[in-house]
1. Show me, for region 204-218, the HN-Hα J-couplings you get by feeding each phi into the Karplus relation (A = 6.51, B = -1.76, C = 1.60, θ = phi - 60°), rounded to Hz, glycine and proline as x.
2. Which lysines have a Cα lying under 20 Å from the Cα of residue 60, excluding residues fewer than 8 positions away in the same chain?
3. Shape call for region 275-367 from the C-alpha gyration tensor, a ≥ b ≥ c root eigenvalues: rounded (a/c under 1.5), prolate (a/b greater than b/c) or oblate?
4. Along the charge dipole of region 1-85, pointing to its positive end and built from +1/-1 on Cβ of Lys, Arg, Asp and Glu, which listed residue (78, 21, 47) has its Cα farthest out?
Amino acid sequence: MGAAMDVFGNPSSVHAEGRAAKMLVEKARAQVAGLVGCLSSQVIFTSSATEAAALAVAQKNRHGGNFVALPTEHDCFTAWSESELKSFYGTSGQLNVDGVNSLRDWLSNLDAPQGTDAALIAISAANSETGVRTGDGKVSGNGAVETMHLGSRDYGVVCDLTQVAGKVPIVFAQKKPSYAVLSAHKLGGPKGVGAFINFTADDPQPILRGGGQEQNRRSGTENIIGIAGFGAAAQAAAQDVASGRWQEIEELRNILELALAGSAKKTIFVGKDANRLPNTSCIIAEGWKSETQVMQMDLAGFAISAGSACSSGKVKASKVLQAMGYNEAEATSAIRVSLGLETTKDDVLRFADAWLAKREKHAQRAA
């Protein structure tokens, strides 16, 4: 990113300075494509995963005109969902078989063109609050990302890769989704840059019109510095995944949960028996408010969150946990603890000691 600051040309210009800037953008595009497992031409840079989600939703007319997000999806998708879906998740975090059948039934009743059931469905590869990984009721043994297959009909699927990118291999075991979205800052890159991945044969209809950048798919002068950082982070993240570094972090996550469970018997680890991201632990300590836990751990020197970081400032019950079957008391007493590649065993044990001490004081006050 520091080197990109010295490249002052506009990538849309044909002079030497513009061509140098264009080369940086295209290098980053190839690096992101390498991480996701797509063609460079399928990568469209955006300002965020949220913008990429909006671009995906704008393609709904190509999939019957209906868009729906599962109730556990990130707000950048549920905000656009036009129909109410019931909860299809059990408290284990797995998508229940009955839930898949119910979703098929729901889709078959959509008022779609020509009497057919059609929709564009948002399904995350891993939940942003719990780390639970999603598929069609299962996740393949090699940890591959599986998009939902609903009977004999094909539905458009937009897959949110934001949480899995850079932590687990991205392999579409059955078939590729229609679209995917991801964000640079979730894999060590800068904030304020994301990507929309178009796996279809047709260019998406743009939602930002103007100069025709990104091959007329997303207008606006490219954020060259951010894009360069995105590309470098994607390449580094792919190497980390290939070298198995996140498996070490998963072991630390397990050490943390064992330490907490051993001294706090009623603690709930959401999706503990499900296939989860290696670095995420969603912890419920019923009766101890999420925001209180966040503040107390902040004072102890640890940065955690209550739900997604984008919404952690909102004091309310987690809609994700409620959709998974947890009650309101449990959904207002959950925190998300995320580990990084720099996290050590000492960090984990110090956190466990601090959290348990704070919980004991809370229990004494509540008694």
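A short reminder: the numbers here are calculations on the coordinates, not readings from a lab. The structure presented is a predicted model; accordingly, all values stated were derived computationally and were not measured. When we count neighbours, we look across all protein chains shown, and the Cβ atoms used for this are built from the backbone with ideal geometry, even at glycine.
1. x, 6, x, 9, 10, 10, x, x, x, 5, 6, 6, 6, 9, 7
2. In chain and number order, the partners are 175, 176.
3. Values: a/c = 1.73, a/b = 1.12, b/c = 1.55.
Cα axes put region 275-367 in the oblate bin.
4. 21
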